[in-house]
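Please read the structure below before turning to the comments.
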Amino acid sequence: MIKAVFYPLIGAALIAITPFLLTFENGQDIIHGLVSYSAFVLLLLFNRFKKNKIIAIVCVVMLLAVSFMDLHNLLLYKNGRPMGWQGILPVVTVIIAIAMQKPVIGLRLRAISCFCFVFFFAHIVGLNYFSQPLMEFPLLKFMAHSGSSYVNRTTIHPNFTSKYLVTDSVTITRDYLDTSRTNVVVLVESWGVPLDTGEFASQLRIFGGSLQTAGIHNRMYSRTRTAEREDLINSVNGSRGHRDTIFIPKLLASIGISTTFMYGGDSLLHYRNKYIRNIGFENTIYGKRKGQNQASICDSVMAVKLDSLLNSAETDSTQKVKRFIAWTTADTQFPLIDDENETNVDSTYDARLQGSLRLIASLAKKHSQVRFIVQGDHNPILSPLEFQRKFYRRWVPFVVLN
């Protein structure tokens, strides 16, 4: 019994994982299951009817079809890359998976139905606890992609390049930092670059006369914790295999500038309680502490705290205190828990994003002597798939105010 389930499971995992690993690119943000559910079911049926040549051949053909669909889905995520040498992968993996089933005695149909339900149920339950799904459903994804026209989400449209600064640089903070005054670096959660140029222009209009520079830049990784680090890198020195990273907060603290990090969520999320200190921040302000269960403090409350810090720097004219403050927003973090209806995600996201940008614009207008450097951390990668398709992949906006 164990062999009858274990061997098809291993074969289905081979069919799912091999194309994913052999087409893997550094920094890719594709969520892919560990086991192909369709392949698992087909291998169970193949073992049950392997003595019936017609049904066995049908199962093998369907296995090949499902494997090619999975590969097609993976390449489509990678800007619709054509199928080159990878086209041999489905054939090889299916042959190996079928060969593995030779010593297996097939289960009864009732047992097959039972195990299919158990693994499907385990997949559904696991989605509530793990970011890595157990099962992959290539047929469903293939049908979803076939029903919609393909849009290039990697190459920036000329409409953007003709109007805004477009760069691969991740040194935006370092390039626009002004050490002669107080600087505020804001990382806006899930602020991606929309495919619609007009929508991006409407977002920029929120900043009004404070806007000095606007553009977009590419991120290698679609993770907030990575953006918090790379945006604050001043230089990287490498020698004899040793890599020494010098962060901007640590450098500024060494010349007497007060450094503060702000985030409205839990200090334990992404281990911020550890790496934020290592980056060089002297002070930290979090919305919730260890052991507290309340939700993240909204951006409007954190903006009040930021305003208070800037006011204190201005009123302390005797010491002429200069500050460096980094703030990661939280209002647009997915999932948008108070609006689970996917059809309303668009309007909810827009309202929250505009709210956060207006808070920043208001602070920049009030504190006109302070330099504000505002960037997105990543495109909305945790949003529903249809909503993700409205944004460029791994491109984020940046604006410089005052």
Notebook entry, point to check: Do you know which residues across region 84-115 are in contact with a Lys or Arg (Cβ under 9 Å, 6 or more places away or on another chain) and of a type in the set (S, T, N, Q)?
Noted result: Gln101
Next item on the list: Can you run down the residue pairs with Cβ atoms below 6 Å, 6 or more apart or on separate chains, where the first is in region 253-278 and closer than 14 Å to Gln333 by Cβ and the partner is crowded, with 16+ Cβ neighbours inside 10 Å and among the hydrophobic types (A, V, I, L, M, F, W, C)?
Entry: Gly264/Ile297; Gly264/Met302; Gly264/Ala330; Gly265/Ala330
Item checked: Residue count, region 71-100 (criterion: polar (S, T, N, Q) and in contact with a Pro (Cβ under 7 Å, 6 or more places away or on another chain)) -> 2
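Say we look at region 109-153 and pick out the residues that are in a loop (DSSP other than H, G, I, E, B) and surrounded by 14 or more Cβ atoms within 10 Å (Cβ to Cβ); which of these is modelled with the lowest pLDDT?
The initial filter retains those residues of region 109-153 that are in a loop (DSSP other than H, G, I, E, B), namely 127-134, 137, 147-153.
Okay, now just the ones that are also surrounded by 14 or more Cβ atoms within 10 Å (Cβ to Cβ), so 133-134, 137, 153.
Details: Pro133: 84, Leu134: 88, Phe137: 90, Arg153: 75.
Of everything passing the filter in region 109-153, Arg153 is modelled with the lowest pLDDT.
Does Phe24 fit the bill of being at pLDDT 90 or above and surrounded by fewer than 17 Cβ atoms within 10 Å (Cβ to Cβ)?
Values: at pLDDT 90 or above: no; surrounded by fewer than 17 Cβ atoms within 10 Å (Cβ to Cβ): yes.
Considered against the rule, which asks whether it is at pLDDT 90 or above and surrounded by fewer than 17 Cβ atoms within 10 Å (Cβ to Cβ), Phe24 comes out as no.
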Notebook entry, point to check: Only one residue in Gly287, Gly264, Gly256 is under 24 Å from the mean Cα position of the chain (by Cα), of a type in the set (Gly, Ala, Ser), at pLDDT 85 or above and not in a helix (DSSP H, G or I), so which one is that?
Noted result: Gly264
Next item on the list: Among the residues of region 205-214, count how many are in contact with a helix residue (DSSP H, G or I) (Cβ under 9 Å, 6 or more places away or on another chain), closer than 24 Å to Thr332 by Cα and either surrounded by fewer than 17 Cβ atoms within 10 Å (Cβ to Cβ) or free of Cβ contacts under 8 Å to residues at least 12 places away in the same chain (or both).
Entry: 2
Note to self: Tally up the residues in region 203-236 that are among the basic types (Lys, Arg) and assigned to a loop (DSSP other than H, G, I, E, B), please.
What the structure shows: 2
Checklist line | One residue from Ser162, Ser190 being of a type in the set (Ser, Thr, Tyr), farther than 30 Å from Ser67 by Cα and touching an Asp or Glu at 6+ places or on another chain (Cβ under 9 Å) | finding: Ser190
Note to self: Among the residues in region 190-200, are any of a type in the set (Ser, Thr, Tyr), exposed (fewer than 13 other Cβ atoms within 10 Å of the Cβ), modelled with pLDDT of 90 or more and not assigned by TED's automatic domain parsing to the domain that holds Leu71?
What the structure shows: no
Notebook entry, point to check: Residues of region 6-21 being at pLDDT 90 or above and surrounded by fewer than 21 Cβ atoms within 10 Å (Cβ to Cβ), which ones?
Noted result: Phe6, Tyr7, Leu9, Ile10, Ala13, Leu14, Ile17, Thr18
Margin query: Cβ-Cβ under 7 Å, sequence separation 6+ or interchain: first residue in region 170-192 and at negative phi and among the basic types (Lys, Arg), partner surrounded by 19 or more Cβ atoms within 10 Å (Cβ to Cβ) and in a helix (DSSP H, G or I). Which pairs?
Written below: Arg174/Ile248
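Give the residues of region 154-170 that are within 20 Å of the chain's Cα centre (by Cα) and either modelled with pLDDT of 80 or more or not acidic (Asp, Glu) (or both), sorted by residue number. Before you say what the answer is, go through the steps one by one.
At the first step, the residues of region 154-170 found to be within 20 Å of the chain's Cα centre (by Cα) are 154-156, 167-170.
Once the filter is applied, which keeps residues that are within 20 Å of the chain's Cα centre (by Cα) and either modelled with pLDDT of 80 or more or not acidic (Asp, Glu) (or both), region 154-170 yields Thr154, Thr155, Ile156, Thr167, Ser169, Val170.
The values are calculated or read from the model by the stated rules, or taken from the named source; none is laboratory data. All of these numbers come straight from a predicted model, not from anything done at the bench. All Cβ positions, even for glycine, are placed from backbone atoms using ideal geometry, and neighbour counts span all protein chains on display.
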